[in-house]
Amino acid sequence: MSGRPNVLGIVLAGGEGKRLMPLTADRAKPAVPFGGVYRLVDFVLSNLVNGGIHRICVLTQYKSHSLDRHVSTTWRMTGLLGDYVTPVPAQQRLGPRWYLGSADAIYQSLNLVHDEQPDYIVVFGADHVYRMDPRHMLDRHIEAGAGVTVAGIRVPREQASSFGVITTAHRSTQIDGFLEKPTDPPGLADDPDSVFASMGNYIFTTKVLIDALHQDAEDESSVHDMGGSILPMLTERGQAQVYDFDDNQVPGETERDHGYWRDVGTLDAYYEAHMDLISIQPVFNLYNRQWPIFTNQAQRPPAKFVAGGIAGESMVSTGCIISGQVTGSVLAPGVIVEQGAVVQESVLLEGVRVGRGAVVRRAILDKNVVVPPGATIGVNFDHDARHYTVSAGGIVALGKGQRVPS
């Protein structure tokens with residue numbers, strides 16, 4: 001490590017996550033539980049820490065209590081070497097205003113940069129599910145002498161209208177433009193049927209970022225956003241390059257889960273990402289011991305299956321008691337499925353209880369939801385649409401502790 005550059009990690013974790021309602025009614029998007037025992041923020045922090053970046057500031061803002069608590073209690077690094085992961089709430093350091101955008105969040109937190117004096121700053125988002133070794137991207141950034149390197153993932157050209165698209169000079173990694181959800185973008189030189197979608201992960205040379213943030217802060221017409229303001233500015237200066245996520249190699253990855261990245265910004269995407277976890281050879285493998293996803297788990301007994309309870313093609317966390325039938329589902333700690341109950345293709349968060357003879361299908365139940373005996377969720381669409389949130393893909397979602405009629 002003695003020959004490595006000084007790197008500061010900044011995680012942008014202030015998102016409201018409105019499209020994930022009701023899961024974000026009482027928590028910030030990066031604090032939303034995922035995969036039974038994790039929070040979304042655990043994925044980016046695990047990537048940074050596994051990649052040797054051990055000084056990390058997590059910038060928070062909206063409904064941040066559970067996020068701040070999770071980061072503070074889970075991500076305790078050794079102080080002996082000066083390592084830390086710390087939540088940094090919006091502090092109004094530059095006047096009585098909250099963050100105006102992601103660029104303004106970093107601008108208002110430049111004291112963190114001045115304290116550390118890093119050579120490079122890694123700025124990653126906090127609400128995606130993926131594995132990535134940031135060391136390879138950093139090496140590419142240093143070799144190129146770029147001002148900013150943007151991680152791009154190849155997506156089919158017909159899906160471009162769902163993403164911010166990066167365009168590059170012909171057969172070059174230099175970025176020459178950003179297109180916001182274009183309908184007819186140019187394809188890549190080596191793959192005309194694909195485009196680069198921005199992953200929201202950036203590496204900056206420190207001086208370049210500081211100068212750009214100061215210039216942006218003085219521009220009253222700016223939206224003060226990293227993707228919408230800072231990157232176009234550096235692109236015009238010829239200082240921006242793209243990093244192809246497909247080039248990233250993570251220790252212990254399988255051929256099947258290489259290059260996996262999901263933006264779980266909608267209920268359907270969140271649900272589908274859970275379904276990616278539970279096949280025999282999962283599309284995203286949580287069992288990679290060479291690149292673990294870290295979190296903090298409560299002390300609970302092992303899961304128990306009694307009275308004929310069974311689970312198949314599912315992930316069942318500690319503290320669960322299964323007396324009914326569970327298939328194709330992900331169960332967080334402390335879930336109880338009573339005798340005669342059926343849970344199919346669902347995501348049940350901590351403390352959910354499914355009563356005797358109840359049926360839950362293609363649903364997301366947030367913390368402490370109680371399904372009364374004999375009740376149904378995901379069976380009668382008209383009933384569900386009147387009482388709960390139903391996604392465009394037909395997934396029924398209930399918020400924390402939401403009451404289910406008997």
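At-a-glance table
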item	result
Condition check for Gly308: at positive phi, in contact with a Pro (Cβ under 6 Å, 6 or more places away or on another chain) and in a loop (DSSP other than H, G, I, E, B)	no
Qualifying residue in region 231-252 (condition: under 19 Å from Arg154 (Cα atoms) and modelled with pLDDT under 90)	no
Scope region 160-174; condition outside any loop (DSSP other than H, G, I, E, B), surrounded by 12 or more Cβ atoms within 10 Å (Cβ to Cβ) and under 25 Å from the mean Cα position of the chain (by Cα); matching residues	Ala160, Ser161, Gly164, Val165, Ile166, Thr167
Hits in region 250-265 - residues which are touching a residue at least 40 places away in the same chain (Cβ under 8 Å), part of a loop (DSSP other than H, G, I, E, B) and of a type in the set (Asp, Glu)	Glu253, Asp257
Checklist (1) at pLDDT 95 or above; (2) assigned to a loop (DSSP other than H, G, I, E, B) applied to Asp268, failing item	(2)
Residues (in a loop (DSSP other than H, G, I, E, B), in contact with a Phe, Trp or Tyr (Cβ under 8 Å, 6 or more places away or on another chain) and within 16 Å of Phe124 (Cβ to Cβ)) located in region 1-26	Gly14, Gly15
Which numbered condition Leu188 fails, given (1) under 24 Å from the mean Cα position of the chain (by Cα); (2) at pLDDT 85 or above; (3) surrounded by 15 or more Cβ atoms within 10 Å (Cβ to Cβ)	(1)
Flag if Thr206 is open to solvent by less than 60 Å² (accessible area, probe 1.4 Å), among the hydroxyl-bearing types (Ser, Thr, Tyr) and in contact with a Pro (Cβ under 6 Å, 6 or more places away or on another chain)	yes
Residue within region 369-387 that is open to solvent by 50 Å² or more (accessible area, probe 1.4 Å) and closer than 17 Å to Val32 by Cα present	no
Test: residue in region 27-41 that is assigned to a helix (DSSP H, G or I), closer than 20 Å to Asn296 by Cβ, touching a residue at least 60 places away in the same chain (Cβ under 8 Å) and not hydrophobic (A, V, I, L, M, F, W, C)	yes
Hey, Val58 touching a residue at least 24 places away in the same chain (Cβ under 8 Å), within 20 Å of Gly79 (Cα to Cα), open to solvent by 10 Å² or more (accessible area, probe 1.4 Å) and more than 11 Å from the chain's Cα centre (by Cα) or not	no
Close pairs (9 angstrom Cβ cut-off, 6 or more residues apart or separate chains): within 17 Å of Val195 (Cα to Cα) and open to solvent by 10 Å² or more (accessible area, probe 1.4 Å) in region 228-243, in a helix (DSSP H, G or I) and not polar (S, T, N, Q) anywhere	Gln241/Arg140; Gln241/His141; Gln241/Ala144
Single match in Ala397, Ala392 (criterion: outside any loop (DSSP other than H, G, I, E, B) and in contact (Cβ under 8 Å) with a residue 24 or more places away in the chain)	Ala397
Test: residue in region 348-365 that is in contact with a strand residue (DSSP E or B) (Cβ under 9 Å, 6 or more places away or on another chain), farther than 25 Å from Ala269 by Cα, open to solvent by 30 Å² or more (accessible area, probe 1.4 Å) and not small (Gly, Ala, Ser)	no
Candidate set: region 316-333, residues that are part of a strand (DSSP E or B) and crowded, with 20+ Cβ neighbours inside 10 Å; chosen: the one farthest from the chain's Cα centre (by Cα)	Ile322
Test: residue in region 45-52 that is open to solvent by 30 Å² or more (accessible area, probe 1.4 Å) and at pLDDT 80 or above	yes
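Results for (1) closer than 28 Å to Val390 by Cβ; (2) modelled with pLDDT of 95 or more; (3) touching a helix residue (DSSP H, G or I) at 6+ places or on another chain (Cβ under 9 Å); (4) not hydroxyl-bearing (Ser, Thr, Tyr), shown as yes or no for each residue.
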position	(1), (2), (3), (4)
Leu8	no, yes, yes, yes
Gly17	yes, no, yes, yes
Ala31	yes, no, yes, yes
Val41	yes, yes, yes, yes
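One line per residue, one yes/no per condition, for (1) farther than 26 Å from Lys304 by Cα; (2) of a type in the set (A, V, I, L, M, F, W, C):
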position	(1), (2)
Val337	no, yes
Val343	no, yes
Gly351	no, no
Gly355	no, no
Val370	no, yes
Asp382	yes, no
Tyr388	yes, no
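The values are calculated or read from the model by the stated rules, or taken from the named source; none is laboratory data. All of these numbers come straight from a predicted model, not from anything done at the bench. Using ideal geometry, Cβ is built from the backbone for each residue, glycine included, and neighbour counts are taken over all protein chains shown. To get the accessible areas, we keep the full protein, side chains included, count just its heavy atoms, and leave off ligands, DNA and RNA. Shrake-Rupley method; radii C 1.70, N 1.55, O 1.52, S 1.80 Å.
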